[in-house]
Amino acid sequence: MNRTLIICTIYIVTILVLSIIFILKNSKQNKKIKESIDSLEKEKNMIINAPVLNELSKVEALVRDDKLKYKYDGWQRKFDDIRNVSMPEITDMLLEADSYIESRKYKELRRLIADIELKIYKSKERINTLLSEIKEITLSEEKNRNQIVKLKNEYRNIKQTYEKDKDEYKPVNNQIELQFENIEKRFQEFEIVMEKKDYDEINYLVKGISEMIDHIRYVVSEVPNIIIMCNELIPSKIADISNIYIKMTRELYQLDYLNVEYNIKETEKKIKDIMDRVKVLNLEDVTFELKTIINYYDSLYNDFEYEKACKRTFESNNKAFKAKLIRTNKIISNLIGQLDELKTTYDLSDDDVKRLHIINDEVRKIKDNYNNLMDCNKNHTFAYSKMVKELDFLMIKVSKLEETLNYDLKTIGSMKDDEIRAREQLDNIKNILKKAKSRIRLYNIPVLPDNYFVELQDASDAIKEIQKELNKKPINIETLNIRVDTARDLVFKVFNTTNSLLKTIVMLEETMVYGNRYRSYKPQVEEGLALAEKLFYKSEYKKALEVTMNAIDYVEPGIHNKIMQAYSEK
């Protein structure tokens, strides 16, 4: 029973707490929405404000003609539309918002508030635009009066600048002074129109005076510089450029590509045209055109100096190129002249021969181009700047040919070196083989091993192969080198075999002589020496030496090592 009571109590308390929270939340939301609506109410009330009414009353007092009366009536209609139509609509929408709060239609309320905000924003824009248009009239007199005062001060300063240096404007004094008179007339017109309170005409006049003062300010500022450029600076540059041009052409520089004479005539026409425009105070683009002319003549100084530098470069490069061309032509001419002999002597490939002919043709073309270039130089047909580029191009071509030619020279030179080296090595190989044979004959060896004759024959055949390759026409250098290497290896093999064989025989003979003293002591020694003699006459010298040393070892243990050590030290 108590438990049920506790559960019921908790349930009731929970319901109450949730209800209170819901009520408080709604109350807080309603309060926030009401504050938002109150804020919109204030914004609406501020739209129809005193400044608009005040400015309209000022305009009403100023109305003296139909034009201003028409404007005033239009502004009044716009104001009445905002006050009598837009404002009541916003008021009705705010009342409707209050009813939505009471009925808790929050979804509809959010949309309505958004519409109210938009309506208020549009009404504000309309009233601000209206106020701005009205102030154009109400503030016109004060604003234009202040502007005219400022323009008069500027005008006096400009005129003072002109009067101070009046002589600098001599060609256009009358035009400038006439412009000053026109501006002064406009100032007088302004006073008349102000009396009439024709505000549209006032704005037009002020704008016109402002533009005229901007123009005369620019004229007074720029005309002295323009006159100096037209009458002094540019003519001076033209005279200086003309002198340099005449001097360089007399020194046989080709400068036609610069069109100096034509451009001087065109400049004189342009200066005359500019001065005609200046006389009517039309300075549009004049300064830019004059600076462009000055920059052109300044660039001519650089062009002249560049041509002088190119002449020095051409003369210097010409010497280097000529030497290189002569050297390259001499080499290729010699090679072509020896080509038949080279083809007969060496096994040149078709590509090698073809490449030499191509190089020869290219060198001939370069010679022709160079001769044409020298003719142009002699006749002064082209500017040095162009001839330097042409000579550089020829230099690059002949340098590339020279690199290719150096490779071919190395190849042919290598073939000749290989042939000479092969002949020298052939003589050396023959001498080595001859020494080997002489040593064999000197020792009068009774029987030579079969393998020695085989090696000797192989070496002799290899020497003959070298001779065959050298006698061939053309010589295949690659094959010749292989033959030389092979013969050298085989001859050295014979030479080494000869030395080894003779050393073994000498050791054998001396060892057998040494062992004869022990023949009567031991029958094993007698048997061993007898076997060794048989092996000696069968040309088995190494085996005979081994048998002899083993026989002596019966009498003198360790003799084997002593003999080997004694001969290794020789």
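For residues that are outside any helix (DSSP H, G or I) and of a type in the set (Val, Ile, Thr), scanning just region 421-466, find the one that is surrounded by the fewest Cβ atoms within 10 Å (Cβ to Cβ).
Going through the qualifying residues, I end up with 447.
Residues in region 483-491: is at least one farther than 30 Å from residue 432 by Cβ, crowded, with 19+ Cβ neighbours inside 10 Å and of a type in the set (Val, Ile, Thr)?
No, region 483-491 has no match at all.
So which residues in region 160-169 are touching a residue at least 40 places away in the same chain (Cβ under 8 Å) and exposed (fewer than 11 other Cβ atoms within 10 Å of the Cβ)?
Scanning region 160-169 gives a single hit, 165.
Quick one: how many residues across region 117-147 are among the β-branched types (Val, Ile, Thr), at pLDDT 80 or above and surrounded by 14 or more Cβ atoms within 10 Å (Cβ to Cβ)?
1
Inside region 252-284, can you point out the residues that are part of a helix (DSSP H, G or I) and of a type in the set (Phe, Trp, Tyr)?
257, 262
Quick check on region 382-389. Is at least one of its residues within 37 Å of the chain's Cα centre (by Cα) and loosely packed, with under 15 Cβ neighbours inside 10 Å?
Yes: region 382-389 contains one or more residues that are within 37 Å of the chain's Cα centre (by Cα) and loosely packed, with under 15 Cβ neighbours inside 10 Å.
Condition test on residue 253, is it at pLDDT below 90 and exposed (fewer than 15 other Cβ atoms within 10 Å of the Cβ)?
no
Do we find that residue 271 is within 30 Å of residue 389 (Cβ to Cβ) and not charged (D, E, K, R) in this structure?
Spelling it out, it is not the case that residue 271 is within 30 Å of residue 389 (Cβ to Cβ) and not charged (D, E, K, R).
What are the pairs, 6+ residues apart or on separate chains, where a residue within region 526-538 that is on the phi < 0 side of the Ramachandran plot has its Cβ under 9 Å from a residue that is aromatic (Phe, Trp, Tyr) and at pLDDT below 75?
If the second residue must be aromatic (Phe, Trp, Tyr) and at pLDDT below 75, the pairs left are 526/518; 529/518.
Does region 490-512 contain at least one residue that is in a loop (DSSP other than H, G, I, E, B), touching a helix residue (DSSP H, G or I) at 6+ places or on another chain (Cβ under 9 Å) and assigned by TED's automatic domain parsing to the domain that holds residue 543?
No.
Might you check whether a residue that is at pLDDT below 80, closer than 22 Å to residue 450 by Cβ and of a type outside the set (Phe, Trp, Tyr) occurs anywhere in region 520-532?
So far as region 520-532 goes, yes, one or more of its residues are at pLDDT below 80, closer than 22 Å to residue 450 by Cβ and of a type outside the set (Phe, Trp, Tyr).
I need a count of the residues in region 213-240 that are buried (at least 17 other Cβ atoms within 10 Å of the Cβ) and not β-branched (Val, Ile, Thr).
The number of residues fulfilling the criteria is 3.
Does residue 486 satisfy the criteria of being part of a helix (DSSP H, G or I), modelled with pLDDT of 80 or more, farther than 23 Å from residue 537 by Cβ and of a type outside the set (Asp, Glu)?
yes
The values are calculated or read from the model by the stated rules, or taken from the named source; none is laboratory data. Bear in mind the structure is a predicted one, so any value in this text is a computation, not a measurement. Cβ coordinates were reconstructed from backbone atoms using ideal geometry, including for glycine residues, and neighbour counts include every protein chain displayed.
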